[in-house]
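Any read-out appearing in this document is the output of simple, stated calculations on the displayed coordinates, not a laboratory observation. This structure is a prediction, so every number in the text was calculated from the model and none was measured. Please note: Cβ atoms are built from the backbone with ideal geometry, for glycine as well, and neighbour counts cover all protein chains shown.
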């Protein structure tokens with residue numbers, strides 16, 4: 001019993017740590033630059049369009065995905081999975097995202113001559129941190145109840161690799177983000193350079209994130 005409680009405590013610590021890292025990645029590097037992917041990005045788009053606070057939208061969408069996942073999940077440890085995943089949702093959406101909201105003012109300090117690299121570098125750092133947070137939570141036996149959970153279900157039921165599902169979903173959210181945040185200025189010659197930088201940064205994010213998640217899930221904390 002003591003060993004089991006120790007394992008549960010360590011899992012809880014990892015879930016809290018992973019949620020905190022995700023909040024920093026989202027607020028300090030991604031959402032403040034309107035780099036949107038996954039459920040976090042979708043919640044940012046809904047906030048922009050309808051004014052509903054992003055963390056509440058994230059909580060609602062993630063809880064819905066968790067309920068869907070729990071209905072499809074057949075493993076014996078379903079109750080542990082639901083508890084750990086719901087803990088992650090609460091920590092991220094209701095505690096750490098609001099707590100780190102001020103980080104949305106953060107701007108990566110780059111020399112003026114390298115200012116054009118701001119968005120790609122920000123995207124890469126955000127991808128690594130976000131992937132690290134997601135991977136830690138997955139490794140602890142939980143889920144962020146976002147694209148990672150949907151990817152797990154597709155991998156198990158349809159034998160589709162997690163990385164492929166994540167990229168398809170994330171690309172769809174990025175496309176919606178381009179329409180939302182750039183819109184009719186997409187082909188404006190004046191803003192074409194910044195538009196291309198935004199799109200390329202989003203593609204960097206989509207490419208890197210699943211790789212970091214898989215690396216953490218497969219090799220770290222084993």
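Computed values, structure above
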{"read-out": "Computed label-point distance, nm, for sites residue 112 and residue 90 using a 7 Å Cα→Cβ extension", "value": "5.1 nm"}
{"read-out": "Relative contact order (%) - criterion: Cα under 8 Å, at least six apart; region: the chain", "value": "32 percent"}
{"read-out": "Whether segment 113-179 is rounded, prolate or oblate, judged on the alpha carbon gyration tensor where a/c under 1.5 counts as rounded", "value": "oblate"}
{"read-out": "On Cα atoms only, tilt of 38-50 relative to the major axis of the chain in degrees", "value": "50 degrees"}
{"read-out": "Cα-based equivalent ellipsoid, the chain: semi-axes from gyration tensor eigenvalues, Å", "value": "31, 18, 17"}
{"read-out": "Tilt relative to the chain, helix 192-219 - C-alpha long axis, 0 to 90 degrees, to 10", "value": "20 degrees"}
{"read-out": "Most mobile listed residue (156, 211, 164) in the chain, GNM with C-alpha springs under 10 Å", "value": "156"}
{"read-out": "For segment 86-147 versus segment 157-222, the gap between their alpha-carbon centres in whole angstrom", "value": "14 Å"}
{"read-out": "Full-stretch length increase - residue 203, residue 49 - with 0.36 nm per residue and alpha-carbon distance subtracted", "value": "53.2 nm"}
{"read-out": "Calculated diffusion of segment 74-136, Stokes-Einstein form, Kirkwood radius summed over Cα pairs, 37 °C and 0.692 mPa s, µm²/s", "value": "226 µm²/s"}
{"read-out": "Residue 171-residue 159 pseudo-label distance in nm [points 7 Å out on the Cα-to-Cβ vector]", "value": "2.2 nm"}
{"read-out": "Principal axis dimensions, segment 154-222 - Cα atoms, whole angstrom, descending", "value": "49, 25, 13"}
{"read-out": "Packing-based ranking, highest mean first, of 128-138, 95-105 given that Cβ atoms within 10 Å are counted", "value": "128-138, 95-105"}
{"read-out": "Helix 2-24 axis, angle to the chain major axis (alpha carbon atoms, nearest 10°)", "value": "10 degrees"}
